[in-house]
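**Student:** Handing you this structure, nothing more for now.
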Amino acid sequence: ATGTATVNGHVSVSSPLNGSTERIQIVDEEKKFTLDLGAQIEKWGLRNEGFAYNIVSVFGSQSTGKSTLLNRLFGTTFDVMDETKRQQTTKGIWMCRGKDMSVMVMDVEGTDGRERGEDQDFERKSALFSLASSEILIVNLWEHQVGLYQGANMGLLKTVFEVNLGLFGKKAKDGTSGRTLLLFVIRDHIGQTPLANLQATLTADLNRIWESLSKPTDLKDLKLSDYFDLAFTALPHKILSADKFESEVQQLRTRFADKSSPDYLFKPVYHKRIPADGVAFYMEGIWEQVQTNKDLDLPTQQELLAQFRCDEISAVALSEFNEQAKSQKRPVEAGKVVEGLGGMMRAWRTDALTRYDRDASRYHKGVYGRKRADLIAALDSTLSPLFLGQLKNLHKSCLVAFKKEMLDGLRGESYSFADVVAKARRRCEGNFSEGAKEALVEDADWSWEDELQLLQEEVGVVADQCRKDETKKMLNQIERNIKKQISEPVELHLSRPSKGMWDEILQTFREVLSKAESAYLSKAKSFDCTEEENTVSLAVLRKRAWLALRAKIDEQTADQAFLSKLRNHFEERFRYDESGVPRVWKPDDDIDSAFKKAKDQTLELVPLYSRISPEDDSLAFSLPSESSDSLAGTDEFDFESTLLVFSETKAVELTNKFRKDADAYYVEAKRSTVSSVAQ
Ligand code: GDP
Ligand code: MG
């Protein structure tokens, strides 16, 4: 029947009933072990059975109907001797899968010494080989062989016992597994001697053989029953009682096939605990050891098996894993932040470990554990670059997003720089941390905090740069405002020369500057500017304001502009009387005095304009001078010299120019009297 069955704690789906029963010669006449057992076990459909399979082998003299029995019991296809030729058929060791049963059956070459001359060697080797793997050893013998202590059978059993001591001696002492069932099948049982008597005779013989063995001292007290369970059964003559033979064989078959049978033979304690997918490798190793006459050390064999199989299983898991991991390698290397990478990585990793655990956990625990750790290291060494790549890409994209958010945030008119930075920074770090955490693989020893710190530093640099740019922009804006605000007042004051002219200009300047400074400070608050930066910015602001003022003054006192101011001033005094009425010169008028007076009054303006100097000393403005320093990028700035509007020489030059203009007015005035006389 199909369905699930629990065998030795392992759940397995029973193999298909139509599984192949093709046989295979696993050891040939030349004592060579086959290369095809692994593939054959696969074909039999047993490879994935774990521990849910059994192994049974048969021993006995040649031509005692062993192959015939196995074929009847298990539905195997071993060769049976042709009655008419009567020659030996089974050479070496054959194996076949039981029909509808998860059983591997071994048919071992008849061993009574006659078939291979005095080849006791092969007998010993096959005994070792069978015991190392079989749960049940069927000992097949004719009824008339019972009690013949000198018979070939007894020699064989002695060999089996000796070999067993070597293999499982210590194990039995530990109380661990290593028990084997010896099932005696007495053939051509006539019935005259009851089975119980035959059983007693055989048991006595076996114990006698056991006593006669030379055992190592530490195993001296151990009894036959510490290693073996004994079972006995008899079968009628196959030809003389054909029907009875058939029915009893069927009954015996049930004891192998039906787990619920009260005398079910495959007890878990006999199992040699070799996972089905390791049987081929294990048997080959055993045969190799047997062949080279090395001491057969089963624990070592099982460890070797475990190493080999765990490596194989691990390699399969790893290659599937690598295939999966490869899919995301390129995008990560290309700089992409792969959505859900952590989830994928965790799934690949879990898959690989699950695959490994499923098959490898049946093997030697220590080896399984070590290889598992190796596998984890291999998995993580593949994942680690993906993780680091993802972090790097995440870092880059978060930084780009941060810059963009900063630019967008600083675009409008009214914003708080500090708020814009804080918001962008929070989002940037939040996105990074979230992405980094997603990419983590639990219990891999990875961290992303260092990368976050790097990102924070770069964000800081960007924010700082933005702040500097913003400060610069703001200073320029304030400077433009200053220029706008001083332009008109300065023009006005300079066009109305008076003693207090500079006081008024400086007064205006101070007011404008002071407003500018508080404008700066109130904006700078949201920029998180440092005290030092504020000091520097304010100094820059004052200097720029002063230079703006100076530029305006220069514009207003440029040669032509200044000369026209002088001309106006002169004209107002020379061509108009005190009440602002244009003068019409008469011959008697004292043109000379009027001219001189107007000219002197006008020339007084030259020293007034030539230097910025208020009447009220408290209005005097001052800036620290700077010496030129090519390293600091500062030009020479001598405040004192900026107070000078024009130099002594310039003053003389302007005075002379003005004189010529004034003279022209004088001549014109003179001429006008002449012409009025002439009329
Ligand atoms: P093996 O060499 O032990 O594998 O023996 P085989 O199974 O090849 O059988 C040897 C011969 O014994 C064949 O001719 C069988 O027909 C015959 N044979 C098989 N079973 C029995 C049996 O139960 N009783 C007798 N008398 N002959 C049998
Ligand atoms: Mg045979």
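The values are calculated or read from the model by the stated rules, or taken from the named source; none is laboratory data. What you see is a predicted model, and the numbers here were worked out from it, not measured in a lab. Heads up, the Cβs are rebuilt from the backbone with ideal geometry, glycines too, and the neighbour counts pull from every protein chain shown. Quick note on the areas: whole protein, heavy atoms, side chains included, nothing else; ligands and nucleic acids left out. Shrake-Rupley method; radii C 1.70, N 1.55, O 1.52, S 1.80 Å.
**Student:** Give the range 85-112 a look and list any residue that's more than 13 Å from ligand 2 (Cβ to nearest atom) and at pLDDT below 85, or say none.
**Tutor:** Lys85
**Student:** So, in the range 63-84, of the ones that are more than 7 Å from ligand 2 (Cβ to nearest atom) and of a type in the set (Gly, Ala, Ser), which residue ends up nearest to the chain's Cα centre (by Cα)?
**Tutor:** Gly75
**Student:** Only one residue in Asp359, Asp408 is touching a residue at least 24 places away in the same chain (Cβ under 8 Å), in a helix (DSSP H, G or I) and charged (D, E, K, R), so which one is that?
**Tutor:** Sole residue among the options that is touching a residue at least 24 places away in the same chain (Cβ under 8 Å), in a helix (DSSP H, G or I) and charged (D, E, K, R): Asp359.
**Student:** Can you tell me which of (1) surrounded by fewer than 20 Cβ atoms within 10 Å (Cβ to Cβ); (2) more than 12 Å from ligand 1 (Cβ to nearest atom); (3) modelled with pLDDT under 85; (4) part of a loop (DSSP other than H, G, I, E, B) is the one Ser15 doesn't meet?
**Tutor:** So Ser15 meets the others, but not (1).
**Student:** Taking only pairs six or more apart or across chains, which ones have beta-carbon atoms under 7 Å, a first residue in the range 64-83 that is farther than 14 Å from Glu109 by Cα and of a type in the set (A, V, I, L, M, F, W, C), and a second residue that is assigned to a helix (DSSP H, G or I) and open to solvent by 20 Å² or more (accessible area, probe 1.4 Å)?
**Tutor:** Every condition considered, the pairs that remain are Leu73/Arg253.
**Student:** Name the pairs: first residue in the range 583-607 and among the β-branched types (Val, Ile, Thr), second residue part of a loop (DSSP other than H, G, I, E, B), Cβ to Cβ under 9 Å, at least 6 apart or on different chains?
**Tutor:** Ile591/Trp585; Val606/Phe646
**Student:** Follow-up. Search the range 297-312 for residues that are acidic (Asp, Glu) and pair each with any residue that is buried (at least 16 other Cβ atoms within 10 Å of the Cβ) when their beta-carbon atoms are under 7 Å apart and the residues are at least 6 apart or on different chains.
**Tutor:** As it stands, the answer is Glu303/His364; Glu303/Val367; Asp311/Lys371, since those pairs meet every condition given.
**Student:** Follow-up question, since we're still on this one. Here are the criteria: (1) open to solvent by 60 Å² or more (accessible area, probe 1.4 Å); (2) away from ligand 2 (no atom under 16 Å from the Cβ). Tell me which single one Lys238 does not satisfy.
**Tutor:** Here Lys238 clears every test but (2).
**Student:** Pull up the range 481-517, narrow it to residues that are polar (S, T, N, Q) and within 60 Å of the chain's Cα centre (by Cα), then point me to the one that is farthest from Thr557 (Cα to Cα).
**Tutor:** Top of the filtered list is Ser514.
**Student:** So how many residues does the range 300-314 have that are closer than 14 Å to Ala132 by Cα and either of a type in the set (Ser, Thr, Tyr) or open to solvent by 70 Å² or more (accessible area, probe 1.4 Å) (or both)?
**Tutor:** The total comes to 1.
**Student:** Kindly check whether there is at least one residue in the range 174-182 that is at pLDDT below 90, surrounded by fewer than 16 Cβ atoms within 10 Å (Cβ to Cβ) and part of a helix (DSSP H, G or I).
**Tutor:** Scanning the range 174-182 turns up at least one residue that is at pLDDT below 90, surrounded by fewer than 16 Cβ atoms within 10 Å (Cβ to Cβ) and part of a helix (DSSP H, G or I).
**Student:** Is one or more of the residues making up the range 328-341 within 29 Å of Asn48 (Cβ to Cβ) and in contact (Cβ under 8 Å) with a residue 24 or more places away in the chain?
**Tutor:** No, that holds for no residue.
**Student:** Follow-up question, since we're still on this one. In the range 609-624, which residues are in contact with a Pro (Cβ under 9 Å, 6 or more places away or on another chain) and surrounded by 16 or more Cβ atoms within 10 Å (Cβ to Cβ)?
**Tutor:** Within the range 609-624, Tyr609, Phe621 meet the criteria.
**Student:** Inspect the range 244-267 for any residue being over 54 Å from the mean Cα position of the chain (by Cα), open to solvent by 40 Å² or more (accessible area, probe 1.4 Å) and of a type in the set (Gly, Ala, Ser) and give the result as yes or no.
**Tutor:** yes
**Student:** Give me a count of the residues in the range 42-76 that are open to solvent by 30 Å² or more (accessible area, probe 1.4 Å), modelled with pLDDT of 90 or more and within 15 Å of ligand 1 (Cβ to nearest atom).
**Tutor:** Counting residues in the range 42-76 that are open to solvent by 30 Å² or more (accessible area, probe 1.4 Å), modelled with pLDDT of 90 or more and within 15 Å of ligand 1 (Cβ to nearest atom) gives 2.
**Student:** Regarding Arg349, is this residue in contact (Cβ under 8 Å) with a residue 60 or more places away in the chain and over 30 Å from Lys523 (Cα atoms)?
**Tutor:** yes
**Student:** Identify, by number, the condition in (1) at pLDDT below 95; (2) of a type outside the set (Lys, Arg); (3) touching a Phe, Trp or Tyr at 6+ places or on another chain (Cβ under 8 Å) that Asp295 doesn't meet.
**Tutor:** Among (1) at pLDDT below 95; (2) of a type outside the set (Lys, Arg); (3) touching a Phe, Trp or Tyr at 6+ places or on another chain (Cβ under 8 Å), Asp295 violates only (3).
**Student:** Related question: Can Thr233 be described as farther than 30 Å from Glu246 by Cβ and either open to solvent by 60 Å² or more (accessible area, probe 1.4 Å) or in contact with a Phe, Trp or Tyr (Cβ under 8 Å, 6 or more places away or on another chain) (or both)?
**Tutor:** So Thr233 does not fit the description; no.
**Student:** Only residues that are under 24 Å from Glu470 (Cβ atoms), crowded, with 16+ Cβ neighbours inside 10 Å and hydrophobic (A, V, I, L, M, F, W, C): list them for the range 384-409, please.
**Tutor:** Correct list: Cys398, Leu399, Phe402, Met406.
**Student:** Which condition from (1) open to solvent by 60 Å² or more (accessible area, probe 1.4 Å); (2) within 16 Å of ligand 2 (Cβ to nearest atom) is the one that Arg187 breaks?
**Tutor:** Going through the list (1) open to solvent by 60 Å² or more (accessible area, probe 1.4 Å); (2) within 16 Å of ligand 2 (Cβ to nearest atom), Arg187 breaks only (1).
**Student:** Now for a separate question. Here are the criteria: (1) under 30 Å from Glu30 (Cβ atoms); (2) open to solvent by 40 Å² or more (accessible area, probe 1.4 Å). Tell me which single one Ala280 does not satisfy.
**Tutor:** (2)
**Student:** Right, Glu451: part of a loop (DSSP other than H, G, I, E, B), acidic (Asp, Glu), under 40 Å from the mean Cα position of the chain (by Cα) and at negative phi or not?
**Tutor:** The answer is no for Glu451.
**Student:** Which residues, taken from the range 442-492, are open to solvent by 80 Å² or more (accessible area, probe 1.4 Å), modelled with pLDDT under 90 and more than 25 Å from Ser416 (Cα to Cα)?
**Tutor:** Passing the criteria: Glu442, Asp443, Asp445.
**Student:** For Pro497, which of the numbered conditions (1) in a helix (DSSP H, G or I); (2) within 26 Å of Val645 (Cα to Cα) fails to hold?
**Tutor:** (1)
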